[in-house]
Amino acid sequence: MKTSQELTTWSALAEFWREADDIDLYDAGWLFDHFYPLSGDNDGDCFEAYTALAGLAAITHRIRLGLMVASNTYRHPTVTAKMVATLDHISGGRFEFGYGAGWFEDEHGAYGLPLPPLRERFDRFDESLELIHLLLTKDSVDFAGDYYTLKGAHGSPKPVQRPHPPFVIGGRGEKRTLRSAARWANQWNYPRVAGEEDIADLSRKIEVLQHHCADLGRNPEEIEISVQLHGAEDPARLAQLSDAVVGVGADHVIVYFSPPHDVAQLVAAAEALRG
């Protein structure tokens, strides 16, 4: 399941996650990585993602958890690597590292955060993935890239999960995102399925991912395919979409629950998905 930590209170969000932690159908929980709400006119409360996730890790016990997906443009990758390792310890080895290149122009502009042109953004993203992987797995890192430079950088403590928490790359871009997923991802996430046209597109993206894997010499079976399903207010429709995406190659689904977070909706969706 996925929630956005927007237009809600901490107590409501925490209650929703505690309930999900007790429902065995939900094996992972996700937040988004934004400083503005994406709903309405972008005005209203929105908790910071990594600190919110740390709080949720501390009050849950079973469910795995991560950001779907963290933006490379919001934090230096060395800071991100440190957050990844820290959250893996806080959660007892339940953290999943969701990562993306960044996109929300209004938010970047409002906060004075640089949003490079698309090509540079993905170049930085690929460089960051390599750098973070090194920091999570090596005792000392020297790195000289086009955008980032490290000299004798230590990444300690190492994560609980070895060699590192699963890398989850989300997005639909065929040239860059899916190629990055083919190289680095343990899981690739298709961001939104709400109807039949999305299912057809998902099928095509899976084929593209497989082609990138072949080019890089990677076994595509090593990459789990997940799909975000929207429409939790209609559990029967949700179950139909779940069957459809699994039919074209998805390994599991992530149900998105929009605010306000209603525990009854969480329970109803679980019952429908169980069939």
Kindly check whether there is at least one residue in the stretch 67-76 that is assigned to a strand (DSSP E or B), within 30 Å of F143 (Cβ to Cβ) and of a type in the set (S, T, N, Q). yes
Being assigned to a helix (DSSP H, G or I), farther than 20 Å from E96 by Cβ and either touching a residue at least 60 places away in the same chain (Cβ under 8 Å) or out of contact with any helix residue (DSSP H, G or I) (no Cβ under 6 Å at 6 or more places or on another chain) (or both) is the filter here, so list the residues in the stretch 247-268 that pass it. G247, V263, A264, Q265, V267
Out of all the residues in the stretch 9-16, is one or more without any contact (Cβ under 8 Å) to a residue 60 or more places away in the chain, part of a loop (DSSP other than H, G, I, E, B) and polar (S, T, N, Q)? yes
Condition test on A244, is it in contact with a Pro (Cβ under 9 Å, 6 or more places away or on another chain), aliphatic (A, V, I, L, M) and without any contact (Cβ under 8 Å) to a residue 60 or more places away in the chain? no
Selection status of F35, assigned to a loop (DSSP other than H, G, I, E, B) and either touching a helix residue (DSSP H, G or I) at 6+ places or on another chain (Cβ under 6 Å) or surrounded by fewer than 24 Cβ atoms within 10 Å (Cβ to Cβ) (or both): yes
Hey, E105 hits all of (1) more than 24 Å from K82 (Cα to Cα); (2) crowded, with 17+ Cβ neighbours inside 10 Å but one; which does it fall short on? (2)
Pull out all pairs, ordered by first then second residue, where Cβ-Cβ is under 8 Å, the residues are six or more apart or on different chains, the first lies in the stretch 57-85 and is within 13 Å of F97 (Cβ to Cβ) and in contact (Cβ under 8 Å) with a residue 24 or more places away in the chain, and the second is of a type in the set (D, E) and assigned to a strand (DSSP E or B). R64/E96; L65/E96; G66/E96
Across the stretch 108-136, the tally of residues that are more than 12 Å from T73 (Cα to Cα) and hydrophobic (A, V, I, L, M, F, W, C) stands at 7
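Bear in mind these aren't lab numbers, they're just calculated from the coordinates by the rules spelled out. Because the structure is predicted, anything quoted here is derived from the model rather than measured. Using ideal geometry, Cβ is built from the backbone for each residue, glycine included, and neighbour counts are taken over all protein chains shown.
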